[in-house]
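None of the figures in this text is laboratory data; all of them are computed from the coordinates on show. None of the values given here were measured: they were computed from a predicted structure. Here the Cβ is made from the backbone with ideal geometry for all residues, glycine too, and neighbour counts use every protein chain on show.
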Amino acid sequence: MQKTLLTTIIAGSALLVQPLFGDARADVRAYGASLDNSAWRVSEYSPLQCTLEHDIPRYGNVRFSAEASREMNLRLLLDMLRLPDTYGVASIKSVAPHWRPGVASRELGNLELYRQFSSELDKPMAWTILSELEKGMKPTFFYQDWHNQHDQVMVSISAVNFHSRYDDFLNCVAQLLPYSFDDIAFTVLQYHESSDDLTNPSKRRLMQVSEYLRHDQDLELILVDGHTDSYGPFDENETLSLQRAESVKQFLLQAGVSESQIVVTRHGERRHVAGNDTEIERAQNRRVVVQMQRPFNPRLLSAQAD
């Protein structure tokens, strides 16, 4: 009777392992935080970015990040201490922790592995993994080791101590600005006729720029170009275009931008973007164009070219 029971248990275990790793003869190197060292933290909490992190001992860490944007966004970065040495694919499964026996594993999808790069998942799968953690499951990655062809690698994300930090992360996400740097990097402000008084939509736009710059002043240069329509004397339009540009400069200074980062140019009525026959056309010409540039980032350029 005991021998029969033992045989049944061993056979059942083999059935569980086979679907997860494919080759039952392969050795498995498992990485994941234990009950004692499972820790979560919100490492970035601002109106510009929210980041939720979890360390995986001897492997690296996993980061969920959302950024200020017009649309809800999220990405997952699996940051490895040893980067992939080749290209491959990891399968992703939702696995029940050992204290929830009888709960079946579930296929979630795949993760592309790129040579010498940490791996990322986009919004749909990143939110799926967060929802599995919220349910107390262990999202787990399975792939063939690129250094040892005899080994399979299993990387688990623990849900232990997850919920309190997840609540903090969700609160941060709810307070993200609904626009990004790219949304404000090129801004056109419109003016009332013969004045340096902004239209109401442009006032709101300038407030958005100010709000963003209160949290992010990683800027190299801001170009502020003033323009007018063709009504009025040429010299007066030159002066008015400078007044408009200077008023925007003062606003940026009050937002904390350094004066050395701002370059003001007046163009008067010389660079129209529309005709001057109708009020709608003239309104388009009465403008200040604000262009913001960040410092050159060679790492970002390299990643885009890969």
Taking GluC sites (Glu not before Pro) in a DSSP loop with at most 14 other Cβ atoms within 10 angstrom as exposed, one finds the longest site-free stretch of the chain at 72-192
Residue (of 124, 147, 172) at the positive-pole extreme of the range 112-185, dipole from beta-carbon charges: 147
Can you find, among 242, 284, 217, the residue farthest towards the positive end of the dipole of the range 181-303? Put +1 on the C-beta of Lys and Arg, -1 on that of Asp and Glu. 217
Using Cα positions and a limit of under 19 Å, work out the lysines in reach of residue 93, with same-chain residues fewer than 8 apart set aside. 123, 135, 138
Can you figure out the FRET efficiency of residue 89 with residue 218, using R₀ = 51 Å and their beta-carbon distance, to the nearest 0.05? 0.90
Using the Cα centre as the reference, give the magnitude of the dipole from point charges on the C-beta atoms of the range 22-174 (Lys, Arg: +1; Asp, Glu: -1; all else neutral), rounded to the nearest 20 debye. 240 debye
Neighbour net charge for residue 39 - beta-carbon separation under 15 angstrom, K R +1, D E -1: 0
Answer in debye to the nearest 20: the dipole magnitude of the chain about its Cα centre, from +1 Lys/Arg and -1 Asp/Glu charges placed on Cβ, is 1280 debye
Distance in nm between residue 258 and residue 279 label points, each 7 Å along Cα→Cβ, equals 4.5 nm
Mind listing which trypsin sites (Lys or Arg not before Pro) in the range 28-61 are in a DSSP loop and have 15 or fewer other Cβ atoms within 10 Å? 58
Along the chain, longest interval not containing exposed chymotrypsin sites (Phe, Trp or Tyr not before Pro), exposed being DSSP loop plus at most 14 other Cβ atoms within 10 Å: 118-230
Unit charges on C-beta of K, R, D, E only; dipole of the range 181-303, Debye: 360 debye
